Protein chains: 2
Amino acid sequence: MDILMQSLRIGINDKLYIKDPESSKLGKKIVEESILLIEEVGFESFTFKKLGVRIKSNESSIYRYFENKHKLLLYLSSWYWGWVEYRMVFATNGISNPKEKLQKAIAILTQKVEEDNAFTHINEVVLHKIIINEYSKSYLVKEVSQENKEGYFVVFKRLVGRLSQMITAVDADYPYPLSLASTLLEGSLHQYFLQEHFPTLTNCNTSVNPTEFFTDMIFRTLNLNLND
Amino acid sequence: MDILMQSLRIGINDKLYIKDPESSKLGKKIVEESILLIEEVGFESFTFKKLGVRIKSNESSIYRYFENKHKLLLYLSSWYWGWVEYRMVFATNGISNPKEKLQKAIAILTQKVEEDNAFTHINEVVLHKIIINEYSKSYLVKEVSQENKEGYFVVFKRLVGRLSQMITAVDADYPYPLSLASTLLEGSLHQYFLQEHFPTLTNCNTSVNPTEFFTDMIFRTLNLNLND
DNA sequence: GCTAATATAATAGTATTACTATCGTTATTC
DNA sequence: GAATAACGATAGTAATACTATTATATTAGC
């Protein structure tokens, strides 16, 4: 990413934190290291106490930024989807041909994540792994409807909406653009998971990637031809 | 289901329990009521202590059947997928036309679940809800590879394999049968979830169901026509 | 119907988690 | 240089996720 973007910020619902972690050194450290620690030990075993030890700070200080680890996960997820949305909009912006535009969007949304130096304290590659393994846990909770009302999932919802519109732009008569869009986003994470842990349940591997599978699936579903 | 099936049992990996819950009244009660309690309070808030109170039995007695609630969830999931597999095999058994066979399989796998009186102590409708909300949590854990080696997911894997074969039977040249099969199973649960909690992210509702969406998607992907 | 074996209930206890509260110390700002 | 905000240290609580032990039922075999 360009040096021009150095001061870019991803907008996140301010109910997800008590004190904005972007506003201090400690806050950034909490975000940065929580990503690494969650990836290392898994979300279930992750605690603020352990994170405190790791960043040589106090448990109670972390609680001043985030109410609990669930909110932290929602924060990280919002950041991730905001970042993906930004890259998708940026990459598809100049494309006028709807088919090309959709193809580019699918690529961005299903690609393996590479490092992005525009955001120095966040390791996007590791964050992608967390999203693959933990994102579902942020919404598969009893409180989901209330949290949805609070706007904790707006970024993700906007992204599905955008993709859905691109599908409709290509084929206005296709009856399930939203379901296809949500299936792509969720399914892409799932295929990455399977590739790592259940290779017998997927055709994705070192030579075939989720982008190829989903591009093929969506293009066939919309009766488009890749090569014209 | 038929009265003939009254004594049917779903085969489950015996490492998932300490004492077979099918072998006693208390064991069956544990399974029966755990389904209802998990659905009521969600998996995170569910504890063996609460279950003990509910079934007027002791926490420690439940621990004699299941090591912990994670194993219980794996047990319930295996039961569910075994039950689905059984119904799928049963329903598609006599069909020789591969296209018809696939269509029937998709229907069974994506349908809304109705009560099945063959298994008196298990409420399949509620169990389906649990699978929608909690199944991911059974495999999105750090120990997944080890648990996979122990065979905790064989039933689900066999089901994906069967569906994949049916896809290949219809189109031997389709390059992603496994990914399409796993996307269908996972995606179907996801669409049900969205329908309930994020209606703006799906086209499934009271008049359109996941079966229609997925049948359409898979048939288009495989270049099949529904009506011939 | 009695005995032995097994299953279950009751109770107690431990380490860890997920916090909350308080207070002293260190930075920052005005 | 004083005021204010941020942070660290410590303590404490209720709940969780168990394990262990012992007492009491239940059942099975004879």
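Label-to-label distances for B:LYS142 across copies, nearest first, come out at 2.6 nm, using points 7 Å from Cα in the beta-carbon direction. Amide H contacts of A:GLU67 (H built 1.01 Å from N, in plane; Pro and chain starts excluded): A:ILE18 sit under 5 Å, all sequence-distant by 5 or more or on other chains. Counting only other chain Cβ atoms within 10 Å of each residue's Cβ, the peptide A:142-149 averages 3.
Along its principal axes, the range B:1-91 has C-alpha extents of 40, 25, 24 angstrom, given from the largest down. Solvent-free Debye calculation, one equal scatterer per alpha-carbon of the protein assembly as shown: log10 I(q)/I(0) at 0.07, 0.09, 0.10 Å⁻¹ equals -0.37, -0.63, -0.78.
Based on protein heavy atoms only, chain B ends up with 45 Å² per residue of surface accessible to a 1.4 Å probe.
For B:LYS56, list the lysines whose Cα falls under 27 Å from its own Cα; do not include residues on the same chain fewer than 8 positions away. Those lysines meeting the cut-off are A:LYS142, B:LYS15, B:LYS19, B:LYS25, B:LYS28, B:LYS29, B:LYS69, B:LYS71, B:LYS129.
Placing +1 on the Cβ of every Lys and Arg and -1 on the Cβ of every Asp and Glu, with nothing else charged, gives the range A:3-221 a dipole about its Cα centre of roughly 540 debye. Legend: residues in the range B:176-198 shielded by at least 40 square angstrom of accessible surface upon adding the remaining protein chains to the isolated chain (1.4 Å probe, heavy atoms) are B:TYR176, B:LEU178, B:SER179, B:SER182, B:THR183, B:GLU186, B:HIS190, B:PHE193, B:HIS197, B:PHE198. Eigen-decomposition of the gyration tensor built on the alpha-carbon atoms of the range A:78-203 gives equivalent ellipsoid semi-axes of 23, 19, 17 angstrom, largest listed first.
Label points for B:THR206 are taken 7 Å from Cα along Cα→Cβ. From this copy to the others they lie 5.4 nm apart, shortest first.
Pairs of Cα atoms nearer than 8 Å and 6+ residues apart set the relative contact order; for the range A:1-121 it is 36 percent. Among B:GLY11, B:GLY187, B:GLY27, the largest mean-square fluctuation in a Gaussian network model of chain B, built with springs joining Cα atoms closer than 10 Å, belongs to B:GLY11. In this view, the solvent-accessible surface of A:TYR63, computed with a 1.4 Å probe and all protein chains in place, comes to about 100 Å². Applied to the range B:190-195, the Karplus parametrisation 6.51 cos²θ - 1.76 cosθ + 1.60 on θ = phi - 60° returns per-residue 3J(HN,Hα) values of 5, 5, 5, 5, 4, 3 Hz, with x for Gly and Pro. Per-residue 3J(HN,Hα) values for the range A:162-168, derived from phi via the Karplus relation 6.51 cos²θ - 1.76 cosθ + 1.60 with θ = phi - 60°, read 4, 5, 4, 5, 5, 5, 5 Hz in sequence order (x marks Gly and Pro).
Among A:LYS49, A:LYS29, A:LYS69, the residue with the largest mean-square fluctuation in a Gaussian network model of chain A, with springs joining Cα atoms closer than 10 Å, is A:LYS49. With a 1.4 Å probe rolled over the protein heavy atoms of all chains, the accessible area of A:LYS129, B:LYS157 falls in the order A:LYS129, B:LYS157, largest first. Applying 1/(1 + (r/R0)^6) with r as the Cβ-Cβ distance of B:GLU150 and B:ASN227 and R0 = 41 angstrom yields a FRET efficiency of 0.35.
B:THR211 exposes around 30 Å² of accessible area when a 1.4 Å probe is run over every protein chain in place. The GluC sites (Glu not before Pro) found in the range A:63-136 that occupy coil by DSSP, while having at most 16 further C-beta atoms within 10 Å, are A:GLU67, A:GLU114, A:GLU115. Residue by residue, the range B:125-130 carries 3J(HN,Hα) couplings of 5, 5, 4, 4, 4, 4 Hz when phi is fed to the Karplus relation 6.51 cos²θ - 1.76 cosθ + 1.60 (θ = phi - 60°); x denotes Gly or Pro.
Taking all Cα pairs closer than 8 Å and separated by 6 or more residues, the relative contact order of the range B:141-228 comes to 19 percent. Let me know the shape class of the range B:56-120, please: from the alpha-carbon gyration tensor, a ≥ b ≥ c as square roots of the eigenvalues, rounded when a/c is under 1.5, otherwise prolate if a/b is greater than b/c, or oblate. Prolate. Taking the label point 7 Å along Cα→Cβ, A:ASN93 and its counterparts in the other copies are spaced 6.1 nm apart, in ascending order. Here the scattering of chain A is modelled by Debye summation over its C-alpha atoms, one equal scatterer each and no solvent; at q = 0.07, 0.11, 0.13 Å⁻¹ the log10 of I(q)/I(0) is -0.24, -0.60, -0.82. Sorting B:VAL160, B:VAL89 on solvent-accessible area from highest to lowest, probe radius 1.4 Å, gives B:VAL89, B:VAL160. Only DSSP H runs of four or more residues enter the estimate; each adds -39500 (n - 2.57), and after division by the residues of chain A the mean residue ellipticity at 222 nm equals -19500 deg cm²/dmol. Of all chain B residues, the one whose Cβ lies closest to the rotation axis that maps B onto A, given with that distance rounded to whole Å, is B:SER136, 2.
Between A:VAL53 and B:GLU22, what is the label-point separation in nm under the 7 Å Cα-to-beta-carbon projection? Going from the B:GLU22 label point to the A:VAL53 one covers 4.3 nm. Residues A:ARG87, A:ARG158, sorted by accessible area with the largest first, give A:ARG158, A:ARG87 [1.4 Å probe; ligands and nucleic acids excluded].
In percent, rounded to a whole number, the relative contact order of chain A is 22, using alpha-carbon pairs under 8 Å and six or more apart. Surface composition of the range A:3-221: carbon and sulfur make up 49 percent of the accessible area, probe 1.4 Å.
The values are calculated or read from the model by the stated rules, or taken from the named source; none is laboratory data. If you're wondering where the values come from, they're calculated on a predicted model, not measured in any experiment. Note that we place each Cβ from the backbone using ideal geometry, even for glycine, and neighbour counts take in every protein chain shown. Surface accessibility is based on the protein's heavy atoms, side chains included, excluding ligands, DNA and RNA. Shrake-Rupley method; radii C 1.70, N 1.55, O 1.52, S 1.80 Å.
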